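Asker: Pasting a structure here, questions to come.
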Amino acid sequence: MTSQSAATLRSRYVAQAASDLEENRRRQKELEERLSVLKQEEALLADILTLAERYEGFADASRLPEQVQDEPAVAKAKAPTRAAARRSAPAKSATTTTAPKAGAKGKSHQPLLGDLLAELLGQYEEPRPAKELRDELLKKHPDRNPTPQVVRNTLESLVAKGRIRRHKEQRSVMYTLVERDSD
């Protein structure tokens, strides 16, 4: 190998390394910016949790999503962390989580979507699809307008709680109310 070809090869390696270094730094900068955005989102979400805990009694519970109404608040003494936010706190009695709070400016308390869907299912012996339940809910409760996905999520939540049963018939998913023993 001649000294000229070695110099050419070395200059190619240097140029490639410089290009790779520049690309690496550009990607680092992109990731730093993305990380900064994620940290801002994390701070915002932590603030939202803190405010939600602080003003727990002032919120109109009927306007919250179904799954949030059913979850008890994280203990107030601790600062919220991501792990703590995912864990559920000890269950509270139904009267403390669903009863309207004093000073709620006289707003009427609407029944939970899950309770309405369970009531509708109780009227039928045969399994019903989520779409039909939503259509019937919209007719009987025109003030409620949950999306089809919210209805399905609520039904699946009731399945997880053992209040209703899921049936799969071909490609359709149907639901029936679980019979409660009257003890």
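No value in this document is a laboratory result; all are computed from the given coordinates. What you see is a predicted model, and the numbers here were worked out from it, not measured in a lab. FYI the Cβ positions are ideal-geometry reconstructions off the backbone, even for glycines, and counts take in every protein chain you see.
Asker: Find, among the GluC sites (Glu not before Pro) in segment 129-183, those assigned to loop by DSSP (not H, G, I, E, B) with at most 10 other beta-carbon atoms within 10 angstrom.
Answerer: Filter output for segment 129-183: E179.
Asker: Still on this structure, please answer the following. Can you classify segment 142-183 as rounded, prolate or oblate using the Cα gyration tensor, where a ≥ b ≥ c are the square roots of its eigenvalues, rounded means a/c under 1.5, and otherwise it's prolate if a/b beats b/c and oblate if not?
Answerer: Oblate shape, in that a/c is at least 1.5 and b/c is the bigger or equal ratio.
Asker: Run through segment 124-183 and list the trypsin sites (Lys or Arg not before Pro) located in a DSSP loop whose Cβ has at most 16 other Cβ atoms within 10 Å.
Answerer: Filter output for segment 124-183: R144, K161, R171, R180.
Asker: What are the residues whose amide H is under 5 Å from the amide H of Y175, where those residues sit 5 or more places off or on another chain and H is modelled from the backbone?
Answerer: R128, H167
Asker: Looking at segment 1-55, which GluC sites (Glu not before Pro) are in a loop (DSSP not H, G, I, E or B) and have at most 16 other Cβ atoms within 10 Å?
Answerer: none
Asker: Label segment 121-161 by shape, choosing from rounded, prolate and oblate, from the square roots a ≥ b ≥ c of the eigenvalues of the Cα gyration tensor; if a/c is under 1.5 it is rounded, and otherwise prolate applies when a/b is larger than b/c, oblate when it is not.
Answerer: The shape class here is oblate.
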